[in-house]
Amino acid sequence: MDTIVIASSIKDQASINIAKSILRNYPFKEVPKVIEGNPVYRAEVESREVLLITLNEELIYAQHITDVIPKPEMIIFVSRHSSLSGIPTLSVHVPGNLGSAELGGEPRRVSIAPAFAMKAALKAMNRLVIEENLEYEVSYECTHHGPSLDVPAMFAELGSSPENWRDEQAAMVVAQAVIESILGFNEEKGQPALGIGGPHYNIKFTRKAIEEDIAFGHIIPKYALQWIDADIIRQCVDRTREKVRIAVLDWKGIQGLYKHQIVECLEKIGLSIVKA
C-alpha cells in the first residue's frame, strides 16, 4: 500500500495545532511504533496509508525524514508561517533551495513538487476561508527553504503571528486542506506549470490556480532570479511530479535584464510560455 506522510514538529505551535485537528476530525489510530520518542498515527484515505508523525526538530531541517519513513509517495509538512507583515495567511509551497541553503536542505536543490496536491490544498483553503468567514489570505509561496527531498513534498502553513498559530479554527482549515490534498494527489485537475517572476506571495499565480485550469509546481520569485540559470530551471521542470509543459511568467515581475535569458531557457526546454 502506498504511504503518504503528514509530518509535524513539537517545536512549532501551529504544527501541533494542525496535527491535533487532524486527529480530532479524521479516523487516525495510534500504531505500535514511535519516531523520535513520539507516537505515530495511521489512517486509510482513498486506499492509501496515511501516517501522521511528529519530529523533534524544526521541519525545515528534516532532511533525513526519508531515513525514518523510506520511499513515501508524498510528504506533507504542516507548519507555522512567519512574516514581517504579520498578515494572517494560509499558504502552500514546495520546499527546496533555488540558491544557497541558509534554512535547511541542500544548496541549489529543490524537492519534487506535487502540483495537483498543492492545487487541491490551495483551493480547499480558499473555499473554507470563505465558508468560515475567516480573515485570512490564501496564497502560494515560492519554492524556498529546506528540506531538499527526492520525493514529492509540500508545506501547508498557518500564519503569520503567534496569535494565528493558536487559532484552532484556522488550524482546522489547514487540516482539512491537507486531507483534500491527499484526495487530490492523483486527480489530474489542472495543467501543471512552472511559475516565474513576481513576489514571494504571488497573487496572480494563486488566482490562476483557483480560477483556471492551472496547477503550479515550483515557483521562482523575482528576488531569486539572480541565482537562476538553465540548470535550475530544468531542475524545477524535471522535479515536478506531473509533466510540466508550460511556464507562466509574471512578466511585469521579472527584471528586464533577465527576461531574454529566461525565455531562451524555456524555449530550449520546449515549454510553452504564458505571460500573466
Estimated FRET transfer efficiency (V263, I203; beta-carbon r; R0 30 Å; 0.05): 0.85
Trypsin sites (Lys or Arg not before Pro) restricted to DSSP loop in the range 182-276 with at most 16 other C-beta within 10 Å: K189, K243, R245
Mean separation of Cα contacts under 8 Å (6+ apart) over length of the range 1-139, as relative contact order %: 25 percent
Positive-end residue, the range 101-169 charge dipole about Cα centroid, Cβ charges, pick of I130, A115, L103: A115
Virtual spin-label span in nm between I273 and E212, 7 Å along Cα→Cβ: 1.6 nm
Potential lengthening between E36 and Q169 on full extension [0.36 nm per residue; Cα-Cα distance subtracted]: 45.0 nm
Cα-based shape type of the range 205-271, given that a ≥ b ≥ c are square roots of the gyration tensor eigenvalues and the cut on a/c is 1.5: oblate
Net charge dipole size for the range 3-275 [Lys, Arg +1 and Asp, Glu -1 on Cβ; Debye, nearest 20]: 460 debye
Among the listed pairs K208/K268; K29/K222; K20/K252; K33/K123; K29/K204, those beyond 32 Å (Cα-Cα): K29/K222; K20/K252; K33/K123; K29/K204
For the chain, built as a Gaussian network whose Cα springs stay under 10 Å, the top-fluctuating residue of E168, E36, E44: E36
Label-point separation in nm, Q226 to I246, each point 7 Å along Cα→Cβ: 3.2 nm
Relative contact order (percent, whole number), the range 152-276, Cα cutoff 8 Å, 6+ residue spacing: 25 percent
Simple spin-label estimate for E131 and E44 in nanometres, 7 Å along Cα-Cβ: 2.5 nm
Extension gain, S83 back to D2 (0.36 nm per residue minus Cα-Cα distance, nm): 25.6 nm
Within the chain, helix-based [θ] at 222 nm, where runs of 4 or more DSSP H residues each add -39,500 (n - 2.57), nearest 500: -9500 deg cm²/dmol
Normalised contact order of the chain, rounded percent, pairs of Cα under 8 Å and 6 or more residues apart: 20 percent
Isotropic mean projected area of the C-alpha convex hull, the range 3-275 (nm²): 13.1 nm²
Alpha-carbon gyration tensor eigenvalues x 5, square-rooted, for the range 12-131, Å: 23, 21, 15
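Just so you know, all these numbers are worked out from the coordinates, no wet-lab data involved. These numbers were taken from a predicted model, which means no experiment stands behind them. Don't worry about glycine lacking a Cβ; one is built from the backbone with ideal geometry, like all the others, and counts go over all protein chains shown.
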